Amino acid sequence: MKRLGVWILILALCLTGCRPAAVEEEPAMPTDVPSVVTDDVPMYHDPISGFYGTLQYDTRYESAYLAERETEAWEREARHIFAYLNENAHPTVETFIDFEEMEEDFFTYAKAQALLDAYIGYTSLLQQDTESWGEAVMYGTGFGAGEMGARKEIYRNFVENWYETMTWLSDISPLDCYIFLPEEELERLNQDGRIEYTMGNYDLAEKEGAWKEDILENPIDGWASQWLYQDGATYMMSADGWMEAKLWETELRHAYEVFSAHANPAVEPEKTVVGAREALLGFAPVNGECLALFSYSNAFMGKDQKDGFGAGTLARVDHGINCARYYRRATLLLWKALLDRLEMDAPEWQFDSENSREELLERRFQGTEGRELRLWGGELLTSGIFLSESGYKRLKTPPQAVDTYSRSYNEDVCVEVFRDEREQRDVVLLTSENGLCQEIELTSPRHEAGIGGVTRTDVNFDGTDDLLLYIGGSRGGCRFNAAFLGKPGEEGYRYAPSFSEIPSPRVDAEHGVIWGGSDYNYGHYYYAYEILNGEYQMTHALEALSEGGSHPACRESLRKDGAMVEVRYWEAPAREKGWSNPVDIMEAYVRTGTVWEGWGWCDIRAYERYG
């Protein structure tokens, strides 16, 4: 009897640790609950998986039960994000993004892809001889749990992707993300009284970082890193993003084809494969566009926002990049599942780097009239499209290699730049509509930020427009140009190397001066250049230094006997409010009187915060 009493006491204690079974219906998604993300919890902690990881349940019960509950929790979180997007989107966004349709497409994709993933892992769908669909499904007892687990991972990846997007600018998310409440989940878990469970210490497990492939190095990433995202031009990066998306989409379609080729004919997988593929390809672009708008615009500020909608200069870029990342992850996950199931050593990559490179080059050569075009990669001379479309063959002394190519148009002149990084050569080809070609080798110093882009203006004040070719920039927001001077009444241009020394040139035709300048953190610099003996030479300089506000001063210099000489040094009142800004110091100096009257002609604040 004593032994029986002890067992009764132990059983009673165990039962008191469990919540009573809930009899009410499953609660709807809460809409006004506080966020579980607090200041002392890192932003990527995941309370949903953390909670389920602490549960200990009767192992005799099928695992699909808890997988289904966790999947439902992540589904509610995903729907919460769609509700947030729909509620806070700028009205303009709703003219081209239907959030209700986007939500429907996402869950359609999640259902179709999860079902396909379960077929791969938990049936005899692949390389097995079965005569009935039922026999194929019964190959694995965990089919239901596998489908739920796959769907959960799709939901979770979506939520975490958006959570990261919403928090990348600050530690405080604009979304009360993770509305999941463990207390409610405990009640839901045992609402039908079918399972016994206990719960350990509730600890939020930190997110392990971005998802990483573990199958093998793939040729697409290697090629993309070499050929894409090199020039920094927004419109070109946009083309790169879509190019990479197209590459991964091609490989994704191939992965689905491999799946169909190895599938058991008895189960007729065509509908499942096609459905999952088309649902994914339909959702990814819209998701990428929405992510881009959220990251780089004021598109999500609330329905009552009065400000105009600004898409942001990078929205188009990230649109393609996000889509490419979506395809990439789906492709690698699908390949991993196929490799494991088919016991293959490596995927059958269909990526053709040579054809893809030619396609990229052809894409960049098309529709480039009137704007610069840059290509990076080092081996352009092996490209047929490059040799046929560029003026390389017309050069008399062509570079041995072409690492960077730029083509710009301005009215009737085409300006091409061929850059050889190894020999440090920059060869320019000017081609007029009448067929006149001029080959010029630049002797200007090299700068960062690329090359290309042509403007037309008169920089030597002779009444004839000249050509300015952008040749890069440097610290302080400086932009430098190579000048090709037009000849009045004649064809062709004359290269003026001395013009390339002028930082961010501004033409003052009234006074015959080219202004230049820059603005660093603790210094503001203004220069005047004039044409002396046929060359552009600095004739006056004004420099304001603050050194963090401790020793504000201004120095004026002018050219004497071929050299710049200091003519006045002025110390501003030390540590006085407002003197930490060097532009304020320079402006105050000009008010006190300058040695050269020309400082009254220019806009002293023209280069303010230029860098």
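Pull up the range 336-358, narrow it to residues that are in a helix (DSSP H, G or I) and open to solvent by 80 Å² or more (accessible area, probe 1.4 Å), then point me to the one that is nearest to Leu116 (Cα to Cα).
Filtering the range 336-358 for residues that are in a helix (DSSP H, G or I) and open to solvent by 80 Å² or more (accessible area, probe 1.4 Å), the one nearest to Leu116 (Cα to Cα) comes out as Asp340.
Can Ala114 be described as open to solvent by less than 70 Å² (accessible area, probe 1.4 Å), closer than 14 Å to Trp162 by Cβ, assigned to a helix (DSSP H, G or I) and in contact (Cβ under 8 Å) with a residue 40 or more places away in the chain?
Answer is no for this residue.
Please go through (1) small (Gly, Ala, Ser); (2) over 35 Å from the mean Cα position of the chain (by Cα); (3) open to solvent by less than 60 Å² (accessible area, probe 1.4 Å) for Gly463 and return the number of the only condition it doesn't satisfy.
(3)
What tally of residues in the range 435-469 results from selecting those that are among the hydroxyl-bearing types (Ser, Thr, Tyr) and closer than 25 Å to Gln400 by Cβ?
2
With the condition kept exactly as written, say whether any residue in the range 57-77 is surrounded by 13 or more Cβ atoms within 10 Å (Cβ to Cβ) and at pLDDT below 50.
No.
I'm trying to understand the selection: among the residues of the range 465-499, which are in contact (Cβ under 8 Å) with a residue 24 or more places away in the chain and at positive phi?
Answer for the range 465-499, where residues must be in contact (Cβ under 8 Å) with a residue 24 or more places away in the chain and at positive phi: Gly472, Gly476, Gly477, Gly492.
So for the range 286-297 (the condition being modelled with pLDDT under 85, open to solvent by 40 Å² or more (accessible area, probe 1.4 Å) and either assigned to a loop (DSSP other than H, G, I, E, B) or in contact with a Gly (Cβ under 9 Å, 6 or more places away or on another chain) (or both)), does at least one residue qualify?
Yes; the residues of the range 286-297 include at least one that is modelled with pLDDT under 85, open to solvent by 40 Å² or more (accessible area, probe 1.4 Å) and either assigned to a loop (DSSP other than H, G, I, E, B) or in contact with a Gly (Cβ under 9 Å, 6 or more places away or on another chain) (or both).
Counting only residues that are touching a residue at least 24 places away in the same chain (Cβ under 8 Å) and open to solvent by less than 40 Å² (accessible area, probe 1.4 Å), which one in the range 555-565 is nearest to Phe499 (Cα to Cα)?
Leu558
With respect to the numbered conditions (1) of a type outside the set (Ser, Thr, Tyr); (2) in contact with a helix residue (DSSP H, G or I) (Cβ under 7 Å, 6 or more places away or on another chain); (3) closer than 25 Å to Ser500 by Cβ; (4) modelled with pLDDT under 95, which one is the sole condition not fulfilled by Ala528?
(4) is the only condition that Ala528 fails.
Looking at Ser444, Ser408, Ser474 in this structure, which one is surrounded by 15 or more Cβ atoms within 10 Å (Cβ to Cβ), closer than 21 Å to Leu228 by Cα and hydroxyl-bearing (Ser, Thr, Tyr)?
Ser408
Taking Arg568 and the conditions (1) in contact with a Leu (Cβ under 7 Å, 6 or more places away or on another chain); (2) in a strand (DSSP E or B); (3) open to solvent by 60 Å² or more (accessible area, probe 1.4 Å), which numbered condition does it fall short on, given that it satisfies the others?
(1)
Just for the range 532-554: of the residues that are in a loop (DSSP other than H, G, I, E, B) and open to solvent by 20 Å² or more (accessible area, probe 1.4 Å), which one is modelled with the lowest pLDDT?
Result: Ser550.
Which residue, of Gly523, Gly512, is at pLDDT below 90, open to solvent by less than 50 Å² (accessible area, probe 1.4 Å) and over 15 Å from Ala483 (Cβ atoms)?
From the options Gly523, Gly512, the qualifying one is Gly523.
Search the range 137-159 for residues that are over 13 Å from Phe107 (Cα atoms) and in a loop (DSSP other than H, G, I, E, B) and pair each with any residue that is open to solvent by 30 Å² or more (accessible area, probe 1.4 Å) and modelled with pLDDT under 90 when their beta-carbon atoms are under 6 Å apart and the residues are at least 6 apart or on different chains.
Gly140/Tyr122; Gly142/Tyr122
The values are calculated or read from the model by the stated rules, or taken from the named source; none is laboratory data. Here the structure is a predicted model, which is why all the values come from computation and not from measurement. We place every Cβ from the backbone using ideal geometry, glycine too, and count neighbours over all the protein chains shown. What goes into the accessible areas is simple: the full protein's heavy atoms, side chains included, and nothing from ligands, DNA or RNA. Shrake-Rupley method; radii C 1.70, N 1.55, O 1.52, S 1.80 Å.
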